[in-house]
Amino acid sequence: MLEQLKDEFVKHVRGLQDEITAKMHEIDAKLELQEDLWEREDYESNPGGGGITRAFTGDIFENAGVNTSVVHGAISPEFAKKIGSSDARMWASGISLIIHPKNPKVPTCHANFRMIQAGDKFWFGGGADLTPFYPIEEDFEYFHGVWKEACDPYGIYQEFKDKCDDYFVNKHRNNEMRGVGGIFFDHYNTGDTEADFKMVKDLSNQFIRSYFPIVEKRLNEKFDSEDEDFQLHRRGRYVEFNLLHDRGTMFGLQSNGRTDSILISLPARVKYSYRYAPKKGSAHEKMMEYYFPKAWV
């Protein structure tokens, strides 16, 4: 049964990768795609699976990555201990995506859904979170509303929202979130693998509905240099989180994943200034108030 579900999960994430790719091309007529099929070696230098990396650049989507992978084989004993396994072998599959739009009125969005087996332990993980740069509350409410609706049949929205609010945080920046949250879960295993599989599949199918209507609503809105300046500085906070705190980045690198595919999450343009702060009384100063946990639905 487990092997069958693993095969089904791989087919599902690859199908979802194609659906998201098609939607992005529909929105951005000048979107360019670079696709790489890659393979890896495991810790013992044996074939260890690989993945499909899709890197995008365009007029609407400045840069983006929509990746799937299936990796397996030996891992280092030290890494096995870090993920709570006494067996230095693993299998993992998933989809991971990050979309950085050009217009500061359009939020950045990240999502991933994965299935992992390490020795005799097995679990699911994933979620989706929104990183806006302009205080448009109706978009934040819409995003969370979609995920609450998706989670309600399973009774897990508040739990997953709280985990997201606690995870995507730059703790070295006074516990400032990188965005306005969403849902997040890890090491999820209720003991009913088929039910867990169905839940993760159902949730992952909501990504397109949760995000792209916001893109289509905002992509033609006007913005100025101050909007862009704030966006680039907030992208800097995004980089800080991904390089300092993100467990997915560490998992990919420590499991001998493909570095370029892992770091595709970083924005193409970013800005740092000493003790940066937005202009007093601006919409951007207002936006800073939203990078802390709030009830959106």
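Of the residues that sit in region 33-56 and are among the hydroxyl-bearing types (Ser, Thr, Tyr) and at pLDDT below 95, which one is surrounded by the fewest Cβ atoms within 10 Å (Cβ to Cβ)? Quick ask: steps written out before the conclusion?
Going through region 33-56, the residues among the hydroxyl-bearing types (Ser, Thr, Tyr) turn out to be 43, 45, 53.
Those left that are additionally at pLDDT below 95: 43, 45.
Numbers: Tyr43: 18, Ser45: 10.
Per the criteria, the residue is Ser45.
Pairs only if they're at least six apart or on different chains, beta carbon under 6 angstrom, first in region 1-28 and free of Cβ contacts under 8 Å to residues at least 24 places away in the same chain, second of a type outside the set (D, E, K, R); list them, first residue then second.
Pairs that qualify, where the first residue is free of Cβ contacts under 8 Å to residues at least 24 places away in the same chain and the partner is of a type outside the set (D, E, K, R), are His25/Leu31.
Return the pair list, or none, for Cβ contacts closer than 8 Å from residues in region 109-124 that are within 24 Å of Val66 (Cβ to Cβ) and touching a residue at least 60 places away in the same chain (Cβ under 8 Å) to residues that are in a strand (DSSP E or B) and of a type in the set (S, T, N, Q), at least 6 apart or on different chains.
Cys109/Thr131; His110/Thr131; Ala111/Ser96; Asn112/Ser96; Met115/Ser93
Could you check region 85-122 and list, in sequence order, the residues that are over 18 Å from Gly49 (Cβ atoms), assigned to a strand (DSSP E or B) and over 11 Å from the mean Cα position of the chain (by Cα)? Lay out the reasoning, then the answer.
So in region 85-122, the residues over 18 Å from Gly49 (Cβ atoms) come out as 86, 97-111, 120-121.
Now restrict to residues that are assigned to a strand (DSSP E or B): 97-101, 108-111, 121.
Those that are over 18 Å from Gly49 (Cβ atoms), assigned to a strand (DSSP E or B) and over 11 Å from the mean Cα position of the chain (by Cα): His100, Pro101, Lys121.
Taking into account only those residues within region 140-182 that are under 22 Å from Asp227 (Cβ atoms) and surrounded by fewer than 21 Cβ atoms within 10 Å (Cβ to Cβ), which is farthest from the chain's Cα centre (by Cα)?
Arg173
Suppose we keep only residues that are farther than 15 Å from Thr53 by Cα, in contact (Cβ under 8 Å) with a residue 60 or more places away in the chain and touching a helix residue (DSSP H, G or I) at 6+ places or on another chain (Cβ under 6 Å) within region 239-268. Which one would you say is surrounded by the most Cβ atoms within 10 Å (Cβ to Cβ)?
My answer is Pro267.
Anything in region 96-122 that is aromatic (Phe, Trp, Tyr) and at pLDDT 95 or above? List them, or say none. Explain how you work it out, then say what you get.
Going residue by residue through region 96-122, those that are aromatic (Phe, Trp, Tyr) are 113, 122.
Selection gives Phe113 alone.
Starting from region 204-233, take each residue that is among the basic types (Lys, Arg) and list its partners that are outside any loop (DSSP other than H, G, I, E, B), counting only C-beta distances under 8 angstrom and pairs at least six apart or across chains.
Arg209/Val146; Lys217/Asp139; Arg218/Asp139
What's the number of the only condition in (1) over 21 Å from the mean Cα position of the chain (by Cα); (2) buried (at least 18 other Cβ atoms within 10 Å of the Cβ) that Ala283 fails to meet?
The failed condition is (2).
Buried (at least 19 other Cβ atoms within 10 Å of the Cβ) and either free of Cβ contacts under 8 Å to residues at least 60 places away in the same chain or among the polar types (S, T, N, Q) (or both): does that describe Gly73? Steps first, answer last, please.
Values: buried (at least 19 other Cβ atoms within 10 Å of the Cβ): yes; either free of Cβ contacts under 8 Å to residues at least 60 places away in the same chain or among the polar types (S, T, N, Q) (or both): yes.
For Gly73, the condition - buried (at least 19 other Cβ atoms within 10 Å of the Cβ) and either free of Cβ contacts under 8 Å to residues at least 60 places away in the same chain or among the polar types (S, T, N, Q) (or both) - is met.
Taking helices (runs of 4 or more DSSP H) that do not extend beyond region 192-297, which have at least 2 residues that are touching a Pro at 6+ places or on another chain (Cβ under 7 Å), modelled with pLDDT of 95 or more and within 30 Å of His12 (Cβ to Cβ)? Step through it out loud before you land on a result.
Working: elements: 193-204, 207-218, 225-244, 247-254, 259-262, 283-288.
Output list reads 207-218.
If you scan region 26-74, which residues turn out to be assigned to a loop (DSSP other than H, G, I, E, B) and of a type in the set (D, E, K, R)?
At the first step, the residues of region 26-74 found to be assigned to a loop (DSSP other than H, G, I, E, B) are 28-31, 42-46, 58-60.
The answer is Asp28, Lys30, Asp42, Glu44, Asp59.
Test Lys30 against the stated conditions and say whether it is loosely packed, with under 15 Cβ neighbours inside 10 Å and out of contact with any Gly (no Cβ under 9 Å at 6 or more places or on another chain).
no
Considering only residues that are aromatic (Phe, Trp, Tyr), under 19 Å from the mean Cα position of the chain (by Cα) and more than 25 Å from Glu194 (Cβ to Cβ), which ones fall in region 1-55? So that I can check it myself, show each step before the final result.
Taking region 1-55 as the starting set, the residues that turn out to be aromatic (Phe, Trp, Tyr) are 9, 38, 43.
Checking which are under 19 Å from the mean Cα position of the chain (by Cα) leaves us with 9.
If the condition is that a residue be aromatic (Phe, Trp, Tyr), under 19 Å from the mean Cα position of the chain (by Cα) and more than 25 Å from Glu194 (Cβ to Cβ), then no residue fits.
Right, Asp87: free of Cβ contacts under 8 Å to residues at least 24 places away in the same chain and surrounded by fewer than 17 Cβ atoms within 10 Å (Cβ to Cβ) or not?
Working: free of Cβ contacts under 8 Å to residues at least 24 places away in the same chain: no; surrounded by fewer than 17 Cβ atoms within 10 Å (Cβ to Cβ): yes.
When the stated conditions are applied, Asp87 does not pass them.
The values are calculated or read from the model by the stated rules, or taken from the named source; none is laboratory data. None of the values given here were measured: they were computed from a predicted structure. Glycine gets a Cβ as well: all are built from the backbone with ideal geometry, and neighbour counts include every protein chain shown.
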